[in-house]
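Undergrad: Next up is a structure, given as structure tokens.
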Amino acid sequence: MSNKPATDVTRRGFMAGAAGAAVALATGPALSAGKTLNVLSHKVHQTVLGSGDGDLLKDWRKANEAEITFTTFDSNPLQDRLFREASLKETEYGVGYLIDNRPTSQIAALFEPLDAYQKQDPIEDFGDIAPGLVQGMTVDGKLIGIPVRHATQGLFYNEALLEEAGISAPPTTLEELIEQARKTTFTSKAGTPVTGMVLASDLAVFPVMFARAYGGDFISPDLKLVPDRAALEGGLSALRGMFESGSLPRSYATTKNDDQVTWLQQGRAAFTVLPFARGAQLNNPEQSKFAGKIRAVEFPITAGLKGKMPMAAVVEAWAMSIPKNAKDKALAWSFIKEVSSKRVTLGMAVNGNGPVRVSTYADEGLKAKNALAAIEAKVLATARGAFPPFPDAARAQATFLEEVQLAVLGRKPVKDAVSAIIERVKPMMPA
């Protein structure tokens, strides 16, 4: 995705208006005289709410005589824009989507505490929303966001390619994963060069998952930097070995998240790590050459820890927040209530959203449409964020990724890269 915003105006007939107004809307919120809720989000948050006959909010629009304008960005630019808007004297945005690893005390103070809204006009069966996700949006004892989406990471694999390589079952340990990725680095019967595993190099999710497979972490929930050095070295050494053997793409340094989806769909890779919610897209017959053959399991822990401790997969959660300087907070809360309802949560899940309600996973209709619902619920139970929030978290992540890439590409010994991570990130950690 581009870092430029994309604004989609939903008011009927608006395109008949002046061209100048349309240009203004291309880079900012709706400023028309009608009742409009401006929402700052990622494109995926808008997409899962549906459109046309499948619009999950059409009744809300009618009941409130309101329309919704989404301005969308990629994750990091979105957070930057949201925090800038919330820092102004006033903002046109009523709702902003907030990532769980960003709200420090200082940032949280920019958003409306929602406890009073919840007490006066409560969300339907609020206790049904996963408590861990709610906790992630509670800062200094104040609830600042209502969870709306989680992306829990799973190990996806192409069953047809595994069978072609003589593999009858997916890996249950990290060592098996590495070996199976080696075996599936080959030319398929279709003549397609296959890389065992494809991972993006610009996301902390993947090296953190490999570190956790060895029982370690980048930064622990209690803000300990590299709590187990040997475990992080083990994870980076595994990635380095896969690159050396050709099990990771030669283009690893420039591989992006969307490439992972494309490579699995085209049969160019046998394994990847993606949120479980991507399963429907990966198996979409209109996009995938292997529809029905791309499956997912829990990312495996190393053989030495199997059965001794659970694998802590990475989960990223999003929540809907109201900037303190927003104009129509009542309309914003009404939107949040509707999107948080059981009906809309289920509808978004069917559209590929990671549902935040426990009951949604038990829905027979969802289970019939989503074969991964049960495994996702199991993995979510022990999952946690890639790293906890702190003021310099974004800079620490960027530094971490610089050193990880040097290690994976063989430009720096793994031990030296881990030493550099500790030395460079330590000054960024809270005192």
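The values are calculated or read from the model by the stated rules, or taken from the named source; none is laboratory data. Note that the structure is predicted; figures quoted are calculated from it, not measured. Ideal geometry is used to build each Cβ from the backbone, glycine not excepted, and the neighbour counts take in all protein chains shown. Quick note on the areas: whole protein, heavy atoms, side chains included, nothing else; ligands and nucleic acids left out. Shrake-Rupley method; radii C 1.70, N 1.55, O 1.52, S 1.80 Å.
Undergrad: Yes or no: the stretch 337-354 includes at least one residue that is crowded, with 18+ Cβ neighbours inside 10 Å, in contact (Cβ under 8 Å) with a residue 40 or more places away in the chain, among the β-branched types (Val, Ile, Thr) and assigned to a helix (DSSP H, G or I).
TA: Yes, that holds for at least one residue.
Undergrad: Give me the residue from the stretch 355-364 that is open to solvent by 40 Å² or more (accessible area, probe 1.4 Å), out of contact with any Ser or Thr (no Cβ under 9 Å at 6 or more places or on another chain) and assigned to a helix (DSSP H, G or I) and, out of that set, farthest from HIS150 (Cα to Cα).
TA: Restricting to residues being open to solvent by 40 Å² or more (accessible area, probe 1.4 Å), out of contact with any Ser or Thr (no Cβ under 9 Å at 6 or more places or on another chain) and assigned to a helix (DSSP H, G or I), the top hit is GLU364.
Undergrad: Right, something else. Inside the stretch 18-39, can you point out the residues that are under 28 Å from the mean Cα position of the chain (by Cα) and at pLDDT 85 or above?
TA: THR36, LEU37, ASN38, VAL39
Undergrad: Could you list, in sequence order, all residues of the stretch 164-181 that are surrounded by fewer than 19 Cβ atoms within 10 Å (Cβ to Cβ) and either out of contact with any Lys or Arg (no Cβ under 8 Å at 6 or more places or on another chain) or not assigned by TED's automatic domain parsing to the domain that holds ARG295 (or both)?
TA: If the condition is that a residue be surrounded by fewer than 19 Cβ atoms within 10 Å (Cβ to Cβ) and either out of contact with any Lys or Arg (no Cβ under 8 Å at 6 or more places or on another chain) or not assigned by TED's automatic domain parsing to the domain that holds ARG295 (or both), then SER168, ALA169, GLU175, GLU176, GLU179 are the ones that fit.
Undergrad: If you don't mind, another one. Would you confirm, using the coordinates I've provided, whether ASP53 is closer than 27 Å to GLY385 by Cα and free of Cβ contacts under 8 Å to residues at least 60 places away in the same chain?
TA: no
Undergrad: Quick test for you: out of MET320, MET311, pick the one residue that is touching an Asp or Glu at 6+ places or on another chain (Cβ under 9 Å), at pLDDT 95 or above and among the aliphatic types (A, V, I, L, M).
TA: Result: MET311 is the single residue among MET320, MET311 that is touching an Asp or Glu at 6+ places or on another chain (Cβ under 9 Å), at pLDDT 95 or above and among the aliphatic types (A, V, I, L, M).
Undergrad: Here is a further query. I need every pair where a residue in the stretch 358-381 that is more than 22 Å from LEU282 (Cα to Cα) has its Cβ under 7 Å from the Cβ of a residue that is not hydrophobic (A, V, I, L, M, F, W, C), sequence separation at least 6 or different chains.
TA: Once the first residue is more than 22 Å from LEU282 (Cα to Cα) and sits in the stretch 358-381, its partners that are not hydrophobic (A, V, I, L, M, F, W, C) give VAL358/ASP128; SER359/ASP128; SER359/LYS342.
Undergrad: A further question on this structure: Exactly one of these conditions fails for PHE73: (1) surrounded by fewer than 21 Cβ atoms within 10 Å (Cβ to Cβ); (2) more than 14 Å from LYS324 (Cα to Cα). Give me its number.
TA: Failed condition: (1).
Undergrad: Further, regarding this structure: Taking the stretch 406-420 as the region of interest, how many residues are within 28 Å of the chain's Cα centre (by Cα) and either within 18 Å of ALA253 (Cβ to Cβ) or outside the structural domain of LEU236 (by TED's automatic domain parsing) (or both)?
TA: Within the stretch 406-420, residues that are within 28 Å of the chain's Cα centre (by Cα) and either within 18 Å of ALA253 (Cβ to Cβ) or outside the structural domain of LEU236 (by TED's automatic domain parsing) (or both) number 7.
Undergrad: Does any residue of the stretch 71-78 turn out to be closer than 16 Å to TRP333 by Cα and in a loop (DSSP other than H, G, I, E, B)?
TA: no
Undergrad: Identify all residues within the stretch 295-314 that are part of a strand (DSSP E or B), open to solvent by 10 Å² or more (accessible area, probe 1.4 Å) and of a type in the set (A, V, I, L, M); write none if there are none.
TA: ALA296, VAL297
Results for (1) within 19 Å of the chain's Cα centre (by Cα); (2) at pLDDT 95 or above; (3) open to solvent by less than 30 Å² (accessible area, probe 1.4 Å); (4) in the same structural domain as LYS342 (by TED's automatic domain parsing), shown as yes or no for each residue.
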residue: SER41; (1), (2), (3), (4): yes, yes, yes, yes
residue: ARG61; (1), (2), (3), (4): no, yes, no, yes
residue: PRO77; (1), (2), (3), (4): yes, no, no, yes
residue: ARG84; (1), (2), (3), (4): no, yes, no, yes
residue: SER87; (1), (2), (3), (4): no, yes, no, yes
residue: THR91; (1), (2), (3), (4): no, yes, yes, yes
residue: ILE99; (1), (2), (3), (4): yes, no, yes, yes
residue: GLU112; (1), (2), (3), (4): no, yes, no, yes
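Undergrad: Do we have any residue at all in the stretch 343-363 that's assigned by TED's automatic domain parsing to the domain that holds MET197, polar (S, T, N, Q) and at pLDDT below 95?
TA: No, the stretch 343-363 contains no residue that is assigned by TED's automatic domain parsing to the domain that holds MET197, polar (S, T, N, Q) and at pLDDT below 95.
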